[in-house]
1. In peptide B:85-96, what is the residue-averaged number of other protein chain Cβ atoms found within 10 Å of each Cβ?
2. Mind running the shape call on the stretch B:74-164? Use the C-alpha gyration tensor, a ≥ b ≥ c as the square roots of the eigenvalues: rounded below 1.5 for a/c, prolate if a/b tops b/c, oblate otherwise.
3. Under 10 Å, Cα contacts only: if you run a Gaussian network model on chain B, which one of B:E116, B:E267, B:E27 comes out with the highest mean-square fluctuation?
4. Would you mind putting B:192-202, A:24-34 in packing order, based on average other-beta-carbon counts within 10 Å, highest first?
5. For B:K101, list the aspartates and glutamates whose Cα falls under 18 Å from its own Cα; do not include residues on the same chain fewer than 8 positions away.
6. Out of B:I212, B:I22, B:I204, any idea which swings most in a Gaussian network model of chain B, alpha carbons joined below 10 Å?
7. By its C-alpha gyration tensor, with a ≥ b ≥ c as the square roots of the eigenvalues, how is the stretch B:237-325 shaped: rounded for a/c under 1.5, else prolate for a/b larger than b/c, else oblate?
8. Choose one of B:V205, B:L174, A:L259: the residue whose Cα lies farthest towards the positive end of the charge dipole of the protein assembly as shown (beta-carbon charges +1 Lys, Arg; -1 Asp, Glu; about the Cα centre).
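No value in this document is a laboratory result; all are computed from the given coordinates. Here the structure is a predicted model, which means the values were calculated and not measured. Please note: Cβ atoms are built from the backbone with ideal geometry, for glycine as well, and neighbour counts cover all protein chains shown.
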Amino acid sequence: MAKARTSLIRSGLIHLALISYTLIALFPVFLTLVNSFKSRNAIFRDPMAVPTPSTFSLIGYETVLAQGDFFGYFQNSLIVTVFSIALVLLFGAMAAFALSEYRFRGNLLMGLYLALGIMIPIRLGTVAILQGMVAAGLVNTLTALVLVYTAQGLPLAIFILSEFMRNVSDDLKNAGRIDGLSEYAIFFRLVLPLVRPAMATVAVFTMIPIWNDLWFPLILAPGEETKTVTLGAQMFIGQFVTNWNAVLSALSLAILPVLVLYVIFSRQLIRGITSGAVK
Amino acid sequence: MGSLKLTSITKAFGNHEVLKGIDLVVEDGEFVIFVGPSGCGKSTLLRVIAGLEDATSGSVQIDGAEVASVPPAKRGIAMVFQSYALYPHLTVKDNMGLGLKQAGTPKDEIETRVTEASRMLSLAPYLARRPAELSGGQRQRVAIGRAIVREPKLFLFDEPLSNLDAALRVQTRLEIARLHRQLKATMIYVTHDQVEAMTLADKIVVLNAGAIEQVGSPMDLYNKPANTFVAGFIGSPQMNFIDAERLGDRQAKTIGIRPEHIALSRESGDWKGKVVHAEHLGADTILYLETEAAGLLTVRLFGEHRYGADDIVFATPDRSRLHRFDAGDKAIAAS
């Protein structure tokens with residue numbers, strides 16, 4: 001009896017902690033969504049209120065869709081994110097495979113060098129990156145963003161994936177070698193499917209900062225043609241007047257695609273975990 | 001078809017020398033077992049033969065041809081791993097057929113060979129399943145099937161039974177023995193389990209610390225161990241080693257006697273002692289004696305005996321079965 005009660009208190013406390021964290025985390029999202037559906041006056045009068053028939057307004061969304069090329073911005077963001085993730089996963093996995101599979105001189109040093117990128121923020125090099133992009137004629141192109149984000153995502157990807165690849169059975173790779181698979185076939189057909197959960201983790205960790213980034217789009221690709229969603233939303237924020245309806249609506253729309261991508265990857269993640277457990 | 005010749009193979013990882021000059025000849029159709037404690041280099045040696053590791057020096061010849069620069073897939077070998085190492089995303093049938101497919105064998109030929117191998121291993125009902133849907137014993141049979149299908153010159157087994165439970169281990173051991181008779185293929189098998197070695201091998205290679213201690217048939221090793229290491233490694237329970245001086249033998253340093261070659265009596269005998277512990281296994285009774293003359297002795301009696309702790313007994317060794325070793329731990333030939 002006593003045991004049952006204490007465990008109830010304990011699980012109650014755990015749930016309390018988790019629920020309050022969830023509320024804190026979701027609160028800004030909630031505020032953004034709710035206010036994006038209200039008229040300008042209603043936003044300022046009572047920011048916390050849920051839209052009622054009298055305060056409900058789609059003016060923010062109308063502004064966003066009317067002004068500027070928002071579908072273009074979405075497209076730009078998606079292109080940049082998807083290409084960056086693809087390149088990070090491909091090159092990260094290849095580098096991780098080399099580091100974990102082959103014994104060569106400087107292996108450890110190379111691993112440390114690649115991991116260094118986790119500790120040093122890439123933004124420290126902004127000026128040099130900008131100079132480089134100008135010299136290469138890549139300013140105001142999506143390629144510039146993809147290149148920078150790939151570089152930004154690789155260190156963590158290599159770090160996580162090489163740890164996972166060390167756990168892939170040597171026997172399996174050797175069986176492949178005896179059966180005549182090339183090193184590429186071993187990498188793509190045996191190793192990659194086994195580290196899929198880790199790939200999904202890396203994809204999620206890589207995707208969110210890229211989608212949300214404002215810094216590099218602002219510096220490397222501020223042109224109308226190459227604007228990303230986060231940068232596009234900034235045009236409603238003025239020095240003196242901010243169109244809050246439009247900003248909030250743009251941000252609400254910007255959540256959607258990233259949510260979809262997240263759901264796709266996290267399903268992979270769960271499937272990977274269960275397939276390992278049932279084995 | 002299927003002989004192997006190793007000439008002064010060495011292998012070093014950095015400064016650590018794992019294999020220190022291995023010379024060995026395996027005849028066609030032989031079942032050879034590498035046995036030794038963990039870390040003795042037996043698996044590394046197998047990997048060198050397979051081409052998964054390069055030897056630091058020395059030569060490997062399969063069927064008289066040097067294979068140093070031949071990749072594993074072209075050496076005409078097949079390997080069975082301890083962890084089965086089946087491809088998780090392929091069905092049993094594709095697992096077995098992949099090697100042939102990579103080698104460009106025609107489809108119907110693959111089909112015939114896979115069918116034949118699955119018949120031999122009674123795997124036919126499982127051909128469409130994936131490895132995750134099979135039990136441990138079935139997985140190991142698939143791994144063996146994958147080796148058979150390739151029709152290799154050399155079968156290499158790397159501790160294939162270590163992951164199986166005791167009952168399955170005996171069953172699979174019989175299966176491997178049967179396969180060897182049926183296929184008449186050359187097989188090289190690595191294990192740390194001396195029972196597997198004694199029951200399967202035509203020829204046992206005892207390895208210790210990267211060097212060969214002795215090569216011989218199971219009974220050779222049991223009856224004429226070349227040194228104390230082999231004498232202690234082969235046979236269970238372990239051979240008793242007695243300081244020769246205590247027994248008044250001045251030529252030898254150590255005297256060895258196997259537990260099953262000691263007779264026991266309550267009335268009279270050579271060495272008087274007290275039973276420290278008794279293990280009753282039904283078929284045998286194993287007694288640990290503390291004797292004045294010879295120190296701690298293990299005695300193995302066949303059948304059931306009513307000895308218990310603290311009994312006073314007399315042990316008499318079979319004089320014709322004594323092993324004598326010199327100061328360098330080498331056996332002294334019987335005079």
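1. Numbers: counts 10, 3, 8, 6, 4, 2, 0, 0, 0, 0, 2, 0.
Mean inter-chain Cβ contacts per residue within 10 Å come to 3.
2. Numbers: a/c = 1.69, a/b = 1.16, b/c = 1.46.
Oblate is the answer for the stretch B:74-164, as a/c is 1.5 or above yet b/c matches or exceeds a/b.
3. Per the Cα network of chain B with a 10 Å cutoff, B:E267 tops the list.
4. Values: B:192-202: 18.7, A:24-34: 12.6.
For the peptides B:192-202, A:24-34, the packing ranking is B:192-202, A:24-34.
5. B:K101 reaches A:D179, A:E183, B:E109, B:E111, B:E116, B:E151.
6. So, out of B:I212, B:I22, B:I204, the one fluctuating most is B:I22.
7. Details: a/c = 2.11, a/b = 1.63, b/c = 1.30.
Since a/c reaches 1.5 and a/b is larger than b/c, the shape of the stretch B:237-325 is classed as prolate.
8. A:L259
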